[in-house]
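Some notes on the structure that comes next.
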Amino acid sequence: MSLRTVSTPVEDMRERLIIGLDVSTVEEARAIVERVGDAGAFYKIGYQLAYAGGLEFARELIGQGKKVFLDLKLHDIANTVEQGVRSVARLGATFLTVHAYPQTMRAAMQGKAESSLNILAVTVLTSYDDSDLEEAGYAPVPAAELVVRRAKQARDIGIDGIVCAAPEAQRVRAILGPDRFIVTPGIRPAGAEAGDQKRVVTPADAIRAGATHLVVARPIIKAADPRAAAQAILDEMSQARQA
Ligand code: C5P
């Protein structure tokens, strides 16, 4: 998948809506995928499900023609990252996250080689503020500055994309240029509950800010009708493209 295929006029917004399978069992995940039906084409599997049979389930989804984002946020010595990414590439995933440390990003790009896997970098975890960074041993540096520094390093290494909060998407897009992926969580359709997300934006605003893909979990997986909830978000995304 290249950005060109996701930004053609006849694009299928389903390719750009990533539904977060934030559940603890494969049975629950399978039930959600069935209920969303053909409104869902792309699913994210994170720690919670990955360590509970989620990697096998990823294979099952890929076998059904769905795309999979493995949100595993890898970070280790270069050889381990490279070999791990090689295995993820063989599994057939479309997106994989790594922490935006230069060694790690280079190793991941090496590991994906010519496969269709795309490596996404996480610059600074959004749960970290300036004082958390200092506590973790970094020389005093504002988190926002570190995001910019790492986004530039990611770009220079040739990373496929970056995961960032929607309000940062515009700034990150300016650094990355037009042809890389920007994947944003923290999305809430108008009127939905924010939950523990502090800064949320609507699907339309995230698209307008330059996001290529939106990650949405609770507003879909906890909805009484997950298929209708996904469809409503797809409609909002399409409207933003037409505006
Ligand atoms: O339920 P909700 O739509 O808030 O879920 C968003 C998904 O995106 C979750 O899987 C969450 O872990 C992930 N995420 C996030 N904020 C970040 C990075 C990832 O919400 N900064």
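The values are calculated or read from the model by the stated rules, or taken from the named source; none is laboratory data. Worth saying up front: this structure is predicted, and the values here are computed from it rather than measured. Methodologically, a virtual Cβ is constructed for each residue, glycine included, from the backbone with ideal geometry; neighbour enumeration extends over all protein chains shown. Accessible surface is based on the protein model in full, side chains and every heavy atom, while ligands, DNA and RNA are left aside. Shrake-Rupley method; radii C 1.70, N 1.55, O 1.52, S 1.80 Å.
Taking segment 189-242, which residues are among the charged types (D, E, K, R), at pLDDT below 90 and within 19 Å of Ile162 (Cβ to Cβ)?
Going through segment 189-242, the residues among the charged types (D, E, K, R) turn out to be 193, 196, 198-199, 205, 208, 218, 222, 225, 227, 235-236, 241.
Filter once more, so that each one left must be at pLDDT below 90: 193, 196, 198-199, 241.
Arg199, the sole residue that qualifies.
Quick check on segment 52-65. Is at least one of its residues acidic (Asp, Glu) and in contact with a Ser or Thr (Cβ under 7 Å, 6 or more places away or on another chain)?
Restricting attention to segment 52-65, the residues satisfying the condition of being acidic (Asp, Glu) are 56, 60.
With the extra rule that they be in contact with a Ser or Thr (Cβ under 7 Å, 6 or more places away or on another chain), the set shrinks to none.
No, segment 52-65 contains no residue that is acidic (Asp, Glu) and in contact with a Ser or Thr (Cβ under 7 Å, 6 or more places away or on another chain).
Yes/no matrix, rows are residues, columns are (1) within 14 Å of the ligand (Cβ to nearest atom); (2) at negative phi; (3) of a type in the set (Phe, Trp, Tyr):
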| residue | (1), (2), (3) |
| --- | --- |
| Val23 | yes, yes, no |
| Ile32 | yes, yes, no |
| Phe42 | yes, yes, yes |
| Ala52 | no, yes, no |
| Lys67 | no, yes, no |
| Leu72 | yes, yes, no |
| Ile77 | no, yes, no |
| Val85 | no, yes, no |
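Give the residues of segment 28-44 that are in contact (Cβ under 8 Å) with a residue 40 or more places away in the chain and either crowded, with 22+ Cβ neighbours inside 10 Å or of a type in the set (Val, Ile, Thr) (or both), sorted by residue number. Reasoning before the result, please.
Start the filter on segment 28-44 by keeping residues that are in contact (Cβ under 8 Å) with a residue 40 or more places away in the chain, which leaves 32, 35-37, 39-40, 42, 44.
The answer is Ile32, Val36, Gly40, Lys44.
Check Glu60, Glu56, Glu82 and return the single one that is over 19 Å from the mean Cα position of the chain (by Cα), of a type in the set (Asp, Glu) and more than 17 Å from Val33 (Cβ to Cβ). Can you show your working first?
Details: Glu60 fails: more than 17 Å from Val33 (Cβ to Cβ); Glu56 fails: more than 17 Å from Val33 (Cβ to Cβ).
Among Glu60, Glu56, Glu82, only Glu82 is over 19 Å from the mean Cα position of the chain (by Cα), of a type in the set (Asp, Glu) and more than 17 Å from Val33 (Cβ to Cβ).
Please verify whether Tyr47 is open to solvent by less than 10 Å² (accessible area, probe 1.4 Å), among the aromatic types (Phe, Trp, Tyr) and modelled with pLDDT of 95 or more, treating the condition exactly as stated. If you could, list the steps in order and put the result at the bottom.
Values: open to solvent by less than 10 Å² (accessible area, probe 1.4 Å): no; among the aromatic types (Phe, Trp, Tyr): yes; modelled with pLDDT of 95 or more: yes.
In short, no.
Got at least one residue in segment 179-187 being away from the ligand (no atom under 12 Å from the Cβ) and β-branched (Val, Ile, Thr)? Explain how you work it out, then say what you get.
The first filter runs over segment 179-187 and keeps only residues away from the ligand (no atom under 12 Å from the Cβ), leaving 179-182.
Pick out the ones that are also β-branched (Val, Ile, Thr) and you get 182.
Yes, segment 179-187 contains at least one residue that is away from the ligand (no atom under 12 Å from the Cβ) and β-branched (Val, Ile, Thr).
Consider segment 17-51. How many of its residues are closer than 22 Å to Gly195 by Cβ and either touching a strand residue (DSSP E or B) at 6+ places or on another chain (Cβ under 9 Å) or in a helix (DSSP H, G or I) (or both)?
Filtering segment 17-51 for residues closer than 22 Å to Gly195 by Cβ gives 17-25, 28-29, 31-33, 35-36, 39-40, 42-50.
When the remaining residues are screened for being either touching a strand residue (DSSP E or B) at 6+ places or on another chain (Cβ under 9 Å) or in a helix (DSSP H, G or I) (or both), the result is 17-22, 28-29, 31-33, 35-36, 39-40, 42-50.
Counting residues in segment 17-51 that are closer than 22 Å to Gly195 by Cβ and either touching a strand residue (DSSP E or B) at 6+ places or on another chain (Cβ under 9 Å) or in a helix (DSSP H, G or I) (or both) gives 24.
Where the second residue is open to solvent by less than 60 Å² (accessible area, probe 1.4 Å) and not aliphatic (A, V, I, L, M) and the first is modelled with pLDDT of 95 or more and in a loop (DSSP other than H, G, I, E, B) and lies in segment 80-94, which pairs have Cβ atoms under 6 Å and are six or more apart or on separate chains?
Thr94/Lys67
When you look at Gly195, is it away from the ligand (no atom under 13 Å from the Cβ), more than 29 Å from Ser116 (Cβ to Cβ), open to solvent by 40 Å² or more (accessible area, probe 1.4 Å) and not in a helix (DSSP H, G or I), yes or no? Walk me through how you get there before you give the answer.
On the way: away from the ligand (no atom under 13 Å from the Cβ): no; more than 29 Å from Ser116 (Cβ to Cβ): yes; open to solvent by 40 Å² or more (accessible area, probe 1.4 Å): yes; not in a helix (DSSP H, G or I): yes.
In short, no.
Give segment 198-216 a look and list any residue that's within 10 Å of the ligand (Cβ to nearest atom) and open to solvent by less than 20 Å² (accessible area, probe 1.4 Å), or say none.
Leu214, Val215, Val216
Specify the residue that is nearest to Ile175 (Cα to Cα); the eligible residues are those in segment 232-242 that are open to solvent by 50 Å² or more (accessible area, probe 1.4 Å) and either acidic (Asp, Glu) or more than 16 Å from the ligand (Cβ to nearest atom) (or both). Reasoning before the result, please.
Restricting attention to segment 232-242, the residues satisfying the condition of being open to solvent by 50 Å² or more (accessible area, probe 1.4 Å) are 232, 235, 239, 241-242.
Right, trim to either acidic (Asp, Glu) or more than 16 Å from the ligand (Cβ to nearest atom) (or both) and you get 235, 239, 241-242.
On the way: Asp235: 29, Gln239: 26, Arg241: 22, Gln242: 25 Å.
The extreme case among them is Arg241.
Report every pair of residues separated by at least 6 positions or lying on different chains whose Cβ atoms are under 7 Å apart, first residue within segment 123-134 and touching a residue at least 40 places away in the same chain (Cβ under 8 Å), second charged (D, E, K, R) and within 15 Å of the ligand (Cβ to nearest atom).
So the pair list comes out as Thr123/Arg150.
Limited to segment 217-231, what total is found for residues that are more than 16 Å from the ligand (Cβ to nearest atom) and surrounded by 16 or more Cβ atoms within 10 Å (Cβ to Cβ)?
2
Return the pairs, sorted by first residue and then second, in which the second residue is open to solvent by 50 Å² or more (accessible area, probe 1.4 Å) and away from the ligand (no atom under 12 Å from the Cβ), the first residue lies in segment 221-237 and is in contact (Cβ under 8 Å) with a residue 24 or more places away in the chain and assigned to a helix (DSSP H, G or I), the beta carbons are less than 7 Å apart, and the residues are 6+ apart or on different chains.
These pairs meet every condition: Pro226/Arg35; Arg227/Arg35; Leu234/Arg14.
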